[in-house]
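Heads up: the structure comes next, in structure tokens.
The values are calculated or read from the model by the stated rules, or taken from the named source; none is laboratory data. Just so it is clear, the model here is predicted, and its values are computed rather than measured. Please note: Cβ atoms are built from the backbone with ideal geometry, for glycine as well, and neighbour counts cover all protein chains shown. For the accessible areas, the whole protein counts, side chains as well, though only heavy atoms, and no ligand, DNA or RNA atoms are used. Shrake-Rupley method; radii C 1.70, N 1.55, O 1.52, S 1.80 Å.
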Amino acid sequence: MKVEYINPYIQAAQAVIKTLCNTETKLSKVYLRNSPFSVNQVVIMIGVIGEIKGQVCFELSIETAKKLLLP
């Protein structure tokens, strides 16, 4: 996967979280994973259509997801 495909999704996700949750995000290591999702995680799946087709998945720990949603 090319970085120029991934970065716009990361930037968009950070902007949405900032707008909806009124909090800044901190980017850690970005990587591709072929294995199934971890247990006790919250997964946000976004369908992509157009020149590129597929799914983008953002995985958060339950603790992190709660921090985004609860004041």
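Side notes on the structure shown:
- Of everything in segment 44-71 that is under 18 Å from LYS18 (Cβ atoms) and either aromatic (Phe, Trp, Tyr) or over 14 Å from the mean Cα position of the chain (by Cα) (or both), the residue that is most open to solvent (accessible area, probe 1.4 Å) is PRO71.
- Those residues of segment 44-65 which are farther than 21 Å from GLU24 by Cβ and modelled with pLDDT of 85 or more, in sequence order: none
- If you filter segment 17-29 down to residues that are open to solvent by less than 80 Å² (accessible area, probe 1.4 Å) and either in contact with a strand residue (DSSP E or B) (Cβ under 8 Å, 6 or more places away or on another chain) or not in a helix (DSSP H, G or I) (or both), you find that the one that is modelled with the highest pLDDT is THR25.
Residue-wise test of (1) surrounded by 11 or more Cβ atoms within 10 Å (Cβ to Cβ); (2) modelled with pLDDT of 80 or more; (3) within 25 Å of LEU70 (Cα to Cα); (4) touching a helix residue (DSSP H, G or I) at 6+ places or on another chain (Cβ under 8 Å).
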site: GLU4; (1), (2), (3), (4): no, no, no, no
site: ALA13; (1), (2), (3), (4): yes, yes, yes, no
site: TYR31; (1), (2), (3), (4): no, no, no, no
site: VAL39; (1), (2), (3), (4): no, no, yes, no
site: VAL42; (1), (2), (3), (4): yes, yes, yes, yes
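- Exactly one residue out of GLN41, GLN14 is among the polar types (S, T, N, Q) and touching a strand residue (DSSP E or B) at 6+ places or on another chain (Cβ under 6 Å): that is GLN41.
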